[in-house]
Structure formats: C-alpha cells, structure tokens
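Student: Handing you this structure, nothing more for now.
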Amino acid sequence: AQTVTQSQPEMSVQEAETVTLSCTYDTSESDYYLFWYKQPPSRQMILVIRQEAYKQQNATENRFSVNFQKAAKSFSLKISDSQLGDAAMYFCANFQGAQKLVFGQGTRLTINP
Amino acid sequence: GAVVSQHPSWVICKSGTSVKIECRSLDFQATTMFWYRQFPKQSLMLMATSNEGSKATYEQGVEKDKFLINHASLTLSTLTVTSAHPEDSSFYICSARPTGWGTEAFFGQGTRLTVV
C-alpha cells in the first residue's frame, strides 16, 4: 500500500528562522515522485517543491529545500528565513506509478513575528 | 502557467437534490483528473481518478453511484453528488495532470458544498 505519514500536526517558528517539516512514506515502487504542497487559508493547493526518486541530489527552490533519504523513505522540507506568508498547511505527497497522488496528514505551520 | 478552474467555488443545496461540480483545465489538455475530498483540518482524500473517455477508478469506500464522475473531454471533468445529504457537506478539490507532462498535477481552487 502507498502511504505517506507526517508526524507533526503543528509546527511554529520565529520569523526569519529555519524550520524543518518531516515526512515518511512507504512504497514498493522503484520509480516515484515526492512533493510538498502548501495550502494557505484560501485552500488553493500550491506546489512548493518536487523530488524525483531516481535523483540523488536534493531539490532546492529558493528558501525551500528537501532532505531526501531514499533508503529511510524520508522526505523532509526545510524552510529557511521563514516569512509570515509561509504560514499554511503543508502536505507531503507521493505520486506513485504515475497513477495517483497520495497525501500525508498535513502539518500546520505558524510563523511568529 | 497551467490553470485549473473549478466551478462553483461554493454551493448550498437541499437534501435529496443533486449538485454538479466542474473541473476545467484552461490552457492544457488533461488525460487524467483526480477528485479529492477534504474535511475541516484534515488532509485530501482521493476519491477517484478519471481518465478521458473511460470510466473513473474509485477508491475503496467511495460510492460510485453517489459520486458520479464524467470525463468527457480532455479539458473537462465533472463530479455529480447525487441525492445529497448533510454528511456529504465537505470541500471538494479537483486536480488535473497535463497529458505528456509527466507527474505534474495542478489543482482547482476547490468547491465548498453545504447540504441543508
């Protein structure tokens, strides 16, 4: 079965600091893709960053980077220089076998000014 | 960028009636579209995967006869909630995967359904 687990229901960080959101997944596939999505209060899903499983190099998008540990099936998101606009729900997701996108439970991130 | 438009953004309907939600890919063709349901403060639960020109694939526990999905063209998928009941009240989100673009998927803005 394809599962994605986020063990942190809520996280908070001071503005300008760094925060790491955790995600683990389970898959029997060798080829898959991992994503972090952001859902602000508007509830529009926004892609933050993606990682192809076959790539060893961790993906980076400006202040957002991932720590992809394939053997441990871990995929954490690091947000550097946190900004107030980063406050949202963050969902880790696994696109397996190019068939369907499955989400974790989500982590609510609060940015303290 | 790729845009997915979902309509309506919110709808209120009476118990026993049916309501249709549309999901359109505005600037790309989507062979595959996904429908999700999201309860307050919870994650997105995949309901079904629709493929253009074929029957949708429903996730376990999702009633096919209650949640009718039609993907009649490469830019439009519809979700019809039939004989709606208050427990069907939820936030429904669609996602479209561009044909030939690999694994990227783009989301609509969601539809808040309230059944009274």
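The values are calculated or read from the model by the stated rules, or taken from the named source; none is laboratory data. Everything numeric in this text was worked out from a predicted model, so none of it was measured. Cβ coordinates were reconstructed from backbone atoms using ideal geometry, including for glycine residues, and neighbour counts include every protein chain displayed.
Student: Would you confirm, using the coordinates I've provided, whether residue B:11 is surrounded by fewer than 19 Cβ atoms within 10 Å (Cβ to Cβ), farther than 21 Å from residue A:2 by Cβ and within 12 Å of chain A (Cβ to nearest Cβ)?
Tutor: Taking the combined requirement at face value, the residue does not satisfy it.
Student: If we keep just the residues of segment B:6-44 that are outside any strand (DSSP E or B) and charged (D, E, K, R), which is farthest from residue B:91 (Cα to Cα)?
Tutor: In this case the residue turns out to be B:27.
Student: Of all the residues that make up segment B:67-97, how many are within 12 Å of chain A (Cβ to nearest Cβ) and under 30 Å from residue A:54 (Cβ atoms)?
Tutor: Total satisfying the criteria: 5.
Student: Then there is this: Provide a single number: the residues in segment B:69-88 that are within 20 Å of residue B:25 (Cβ to Cβ) and without any contact (Cβ under 8 Å) to a residue 40 or more places away in the chain.
Tutor: Residues flagged as within 20 Å of residue B:25 (Cβ to Cβ) and without any contact (Cβ under 8 Å) to a residue 40 or more places away in the chain within segment B:69-88 amount to 5.
Student: Still on this structure, I have one more. Restricting the search to segment B:82-116, which residues are under 18 Å from residue A:36 (Cα atoms) and basic (Lys, Arg)?
Tutor: Answer for segment B:82-116, where residues must be under 18 Å from residue A:36 (Cα atoms) and basic (Lys, Arg): just B:97.
Student: Then there's this: Which ones in segment A:13-49 are exposed (fewer than 13 other Cβ atoms within 10 Å of the Cβ), closer than 23 Å to residue A:85 by Cα and of a type in the set (Gly, Ala, Ser)?
Tutor: Within segment A:13-49, A:16, A:42 meet the criteria.
Student: Residue by residue through segment A:93-113, note down the ones that are on the phi > 0 side of the Ramachandran plot, touching a residue at least 12 places away in the same chain (Cβ under 8 Å) and facing chain B (nearest Cβ under 7 Å).
Tutor: A:106, the sole residue that qualifies.
Student: Check A:76, A:42 and return the single one that is without any contact (Cβ under 8 Å) to a residue 24 or more places away in the chain and within 29 Å of residue B:40 (Cβ to Cβ).
Tutor: A:42
Student: Right, here's the next one. Taking segment A:1-11 only, how many residues are exposed (fewer than 13 other Cβ atoms within 10 Å of the Cβ) and touching a residue at least 60 places away in the same chain (Cβ under 8 Å)?
Tutor: 3
Student: Any chance segment A:50-61 includes a residue that's surrounded by fewer than 17 Cβ atoms within 10 Å (Cβ to Cβ), in a loop (DSSP other than H, G, I, E, B) and modelled with pLDDT of 95 or more?
Tutor: Yes, segment A:50-61 contains a residue that is surrounded by fewer than 17 Cβ atoms within 10 Å (Cβ to Cβ), in a loop (DSSP other than H, G, I, E, B) and modelled with pLDDT of 95 or more.
Student: Suppose we filter B:53, B:110 for residues that are more than 14 Å from residue B:2 (Cα to Cα) and within 11 Å of chain A (Cβ to nearest Cβ); which single one remains?
Tutor: B:110
Student: Also: State yes or no: is residue A:10 in contact with a helix residue (DSSP H, G or I) (Cβ under 7 Å, 6 or more places away or on another chain), of a type in the set (D, E, K, R) and over 18 Å from residue A:100 (Cβ atoms)? Break it down into steps so the answer makes sense when it comes.
Tutor: Numbers: in contact with a helix residue (DSSP H, G or I) (Cβ under 7 Å, 6 or more places away or on another chain): no; of a type in the set (D, E, K, R): yes; over 18 Å from residue A:100 (Cβ atoms): yes.
Spelling it out, it is not the case that residue A:10 is in contact with a helix residue (DSSP H, G or I) (Cβ under 7 Å, 6 or more places away or on another chain), of a type in the set (D, E, K, R) and over 18 Å from residue A:100 (Cβ atoms).
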